[in-house]
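No lab work stands behind these numbers, since they all come straight from the coordinates. From a predicted model like this one, the values you see are computed outputs, not experimental measurements. Ideal geometry is used to build each Cβ from the backbone, glycine not excepted, and the neighbour counts take in all protein chains shown.
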Amino acid sequence: MNVNEIEKAINIIKNSKYLTALTGAGVSAESGIPTFRGKDGLWNKYKPEELATPQAFNANPELVWEWYAWRMKVVFDAEPNPAHHALAKLEEKGILKCLITQNVDDLHERAGSKNVLHLHGSLRIVKCISCNYQFYAEKPIEVKPLPICPECNQLLRPGVVWFGEMLPSDVLSKAFSEVERSDAIIVAGTSAVVQPAASLPLIVRRNKGKIIEINPDETPLTAIADVSIRGKAGEVLDEIIKLL
Ligand code: APR
């Protein structure tokens with residue numbers, strides 16, 4: 001972790017008038033939740049087209065629900081890590097105005113973050129494939145037999161956005177308006193390859209805002225970030241909040 005880069009990031013944060021954040025799976029990695037890409041990523045073991053698409057669910061709802069029930073259990077058993085706590089603290093201090101996440105876990109909320117936009121939905125939401133019925137799961141749900149909608153008897157599905165699906169339009173437009181007014185954005189724990197999330201920091205930059213990237217690895221964002229800190233989000237954000 002480079003001290004100068006930390007100091008640079010702290011200056012950007014201190015001078016910001018409207019700071020936002022975009023997080024990805026990497027901020028939950030230190031909570032024991034696997035990321036998707038990179039050396040131990042889920043997509044190295046599983047095929048997203050077999051587990052995270054509407055077609056996969058239609059073809060084999062048992063397999064898809066088994067995988068999501070496992071992911072729900074991992075998330076429910078996990079605890080927020082210092083990255084989640086630091087971002088919640090930044091919001092509590094009135095510095096971080098909005099936290100936009102690609103993650104479907106609820107660790108930001110469990111760390112105390114209030115203003116969170118879930119671009120890709122949430123593992124805690126279970127919804128009907130047909131009607132508007134949905135509920136917020138307090139614990140992992142039974143998936144054998146397959147969960148059925150009590151309103152219309154159709155199948156229930158995970159409340160996450162699958163590949164090929166539209167993001168929730170209200171959440172997405174809010175995310176775009178948040179980054180439009182951002183003069184700085186912290187981008188932590190994302191490979192910055194999945195759209196439209198990956199475009200959000202570019203909007204901040206286009207408006208002459210500053211980008212702070214936190215990631216052990218380089219990403220397509222690294223070259224254009226004002227500061228890119230090669231480090232773990234839990235360690236770096238913890239350091240930043242301590243020195244702020
Ligand atoms: N701290 C910060 N970053 C980390 C850490 C850590 N401790 N550990 C790993 N990373 C970084 C990895 O280097 C990688 O760049 O987190 C990033 C995780 O990238 P992905 O696994 O691609 O996750 P994400 O960017 O959130 O994926 C976006 O893709 O599969 C879809 O819907 C899924 O929301 C997900 C989207």
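Restricting attention to the stretch 43-55, does a residue exist that is among the aliphatic types (A, V, I, L, M), under 30 Å from residue 209 (Cα atoms) and more than 16 Å from the chain's Cα centre (by Cα)? No, every residue in the stretch 43-55 fails to be among the aliphatic types (A, V, I, L, M), under 30 Å from residue 209 (Cα atoms) and more than 16 Å from the chain's Cα centre (by Cα). With a requirement of 1 or more residues that are among the charged types (D, E, K, R), the helices (runs of 4 or more DSSP H) lying completely within the stretch 1-79 that satisfy it span 3-15, 42-45, 48-51, 61-77.
Pairs are defined by a Cβ separation below 6 Å, a sequence spacing of at least 6 or placement on different chains, a first member in the stretch 86-100 that is closer than 16 Å to residue 183 by Cα, and a second member that is in a helix (DSSP H, G or I) and small (Gly, Ala, Ser); the pairs so defined are 100/175.
Of all residue pairs spaced 6 or more apart or on separate chains, none has beta-carbon atoms under 8 Å together with a first member in the stretch 135-157 that is on the phi > 0 side of the Ramachandran plot and a second member that is surrounded by 17 or more Cβ atoms within 10 Å (Cβ to Cβ). Against the condition of a type outside the set (Asp, Glu) and either within 16 Å of the ligand (Cβ to nearest atom) or surrounded by fewer than 22 Cβ atoms within 10 Å (Cβ to Cβ) (or both), how does residue 177 come out, does it pass? Against the criterion (of a type outside the set (Asp, Glu) and either within 16 Å of the ligand (Cβ to nearest atom) or surrounded by fewer than 22 Cβ atoms within 10 Å (Cβ to Cβ) (or both)), residue 177 qualifies. Could you check the stretch 191-207 and list, in sequence order, the residues that are away from the ligand (no atom under 13 Å from the Cβ) and touching a residue at least 24 places away in the same chain (Cβ under 8 Å)? Matches in the stretch 191-207: 203, 204, 207. Which of the residues that make up the stretch 92-122 are more than 14 Å from the ligand (Cβ to nearest atom), within 16 Å of the chain's Cα centre (by Cα) and assigned to a helix (DSSP H, G or I)? Those that are more than 14 Å from the ligand (Cβ to nearest atom), within 16 Å of the chain's Cα centre (by Cα) and assigned to a helix (DSSP H, G or I): 109, 110. The selection criterion, being among the hydroxyl-bearing types (Ser, Thr, Tyr) and over 13 Å from the mean Cα position of the chain (by Cα), does not hold for residue 190.
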